[in-house]
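Data first, discussion second: the structure below is written as structure tokens.
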Amino acid sequence: MDFELLQSRLVSRLRSRVRNGELSERRIARLTGISQPHIHNVLKGARCLSSEVADLLLLHMNISLTDLLDPSETRHTVGSEIKFRAVPAFDGRLGPAYDYPAALSGEQYLAPSALVSEVDEPVFARLATDPSMQPLIEPNRLVLLDRGEPKRTCPESGTLYAVVRAGKGAVRHVRRGMGCLYLLTNRDMDRPQQWERVSLENVSPLSVIRGRVVWITDPAAAAPAPPG
């Protein structure tokens, strides 16, 4: 099993969904922030799939790495210290109706080691209902966050972030403006007048952006780590 095989399976899955009418290249481009011509060339095999683009596709298409494994491969790798790593989880839920999680629950979940190896201060959070972010955000899914300061200081287009506003947590798209941050929901991606503006006067972006979303999965895909 290597990364190139997983990339090939990801492209095949997306190509099948486009062919079946479930998705369009235009919708994939809009959700991920990747240009439609680039999406078209990747799906027809004219362009290679970079790891950065693969990450965006996995994130915004709600596809986990374990979705790209067949059952026999899953049985072979789950529990392997080389393939998986235990990651702590927040106590509480991440959503606009809840205070931003401030403590760990003591629970841990397994995440692919290759995914976690590039993450600073990884932590899982359980998502709460947030209609403005559907279909990307569904309640009870687990989200893996990168809490490293470099990833939080300079938000990237096409990436989701865990943010806090008035003590409440949420997952949002983030854009950097002149002396401010703009927080976007899925509903408002094409309506800049609706974006929430957060002034950065005397405030660090780190106080607003608490983590970069690395992986969204369901609880079954991120298996609980064995105790001890």
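The values are calculated or read from the model by the stated rules, or taken from the named source; none is laboratory data. Since the structure is predicted, the reported quantities are computational estimates derived from the model, not experimental observations. A quick note on method: Cβ atoms are made from the backbone with ideal geometry, for glycine too, and the neighbour counts reach across all protein chains shown.
Residue-by-condition table, conditions (1) among the aliphatic types (A, V, I, L, M); (2) in the same structural domain as Asp188 (by TED's automatic domain parsing); (3) surrounded by fewer than 14 Cβ atoms within 10 Å (Cβ to Cβ); (4) modelled with pLDDT of 80 or more:
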position: Leu10; (1), (2), (3), (4): yes, no, no, yes
position: Arg15; (1), (2), (3), (4): no, no, no, yes
position: Val18; (1), (2), (3), (4): yes, no, no, yes
position: Ala29; (1), (2), (3), (4): yes, no, no, yes
position: Pro37; (1), (2), (3), (4): no, no, yes, yes
position: Cys48; (1), (2), (3), (4): no, no, yes, no
position: Glu52; (1), (2), (3), (4): no, no, yes, no
position: Gln108; (1), (2), (3), (4): no, yes, no, yes
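The criterion of at least 2 residues that are within 17 Å of the chain's Cα centre (by Cα) is met, among strands (runs of 3 or more DSSP E) falling completely within the stretch 128-215, by 142-146, 160-165, 168-177, 180-184.
Could you grab me the full set of residues in the stretch 113-147 that are on the phi > 0 side of the Ramachandran plot and at pLDDT 90 or above? Spell out the reasoning first.
Just the residues of the stretch 113-147 that are on the phi > 0 side of the Ramachandran plot, to begin with: 121, 140.
Correct list: Glu121 only.
Remark: pairs (first residue in the stretch 31-60, without any contact (Cβ under 8 Å) to a residue 40 or more places away in the chain; second residue assigned to a helix (DSSP H, G or I) and of a type in the set (Asp, Glu); Cβ separation under 7 Å; 6+ apart in sequence or on different chains) = Gln36/Glu25; Ile39/Glu25; His40/Glu25; Leu43/Glu25. If only residues of the stretch 110-127 that are part of a strand (DSSP E or B) and not hydrophobic (A, V, I, L, M, F, W, C) are counted, the one that is surrounded by the fewest Cβ atoms within 10 Å (Cβ to Cβ) is Pro112. Entry remark, the stretch 161-176: residues being in contact (Cβ under 8 Å) with a residue 60 or more places away in the chain, of a type outside the set (Gly, Ala, Ser) and surrounded by 23 or more Cβ atoms within 10 Å (Cβ to Cβ) number 1 in total.
Given the structure, is Pro155 in the same structural domain as Asp99 (by TED's automatic domain parsing) and buried (at least 21 other Cβ atoms within 10 Å of the Cβ)? Yes.
When the stretch 96-121 is examined, which residues are found to be under 26 Å from Leu6 (Cα atoms) and touching a Gly at 6+ places or on another chain (Cβ under 9 Å)? Please lay out each step first, then the result.
The initial filter retains those residues of the stretch 96-121 that are under 26 Å from Leu6 (Cα atoms), namely 108-121.
Once the filter is applied, which keeps residues that are under 26 Å from Leu6 (Cα atoms) and touching a Gly at 6+ places or on another chain (Cβ under 9 Å), the stretch 96-121 yields Leu110, Val119, Asp120, Glu121.
Checking the stated criteria, Leu184 turns out to be in contact with a His (Cβ under 7 Å, 6 or more places away or on another chain) and among the aliphatic types (A, V, I, L, M).
Is at least one residue of the stretch 202-221 among the aromatic types (Phe, Trp, Tyr) and at pLDDT below 90?
Filtering the stretch 202-221 for residues among the aromatic types (Phe, Trp, Tyr) gives 215.
So of that shortlist, the ones also at pLDDT below 90 come out as 215.
Yes.
Checked against (1) surrounded by fewer than 15 Cβ atoms within 10 Å (Cβ to Cβ); (2) touching an Asp or Glu at 6+ places or on another chain (Cβ under 6 Å), Glu149 meets all criteria but (2).
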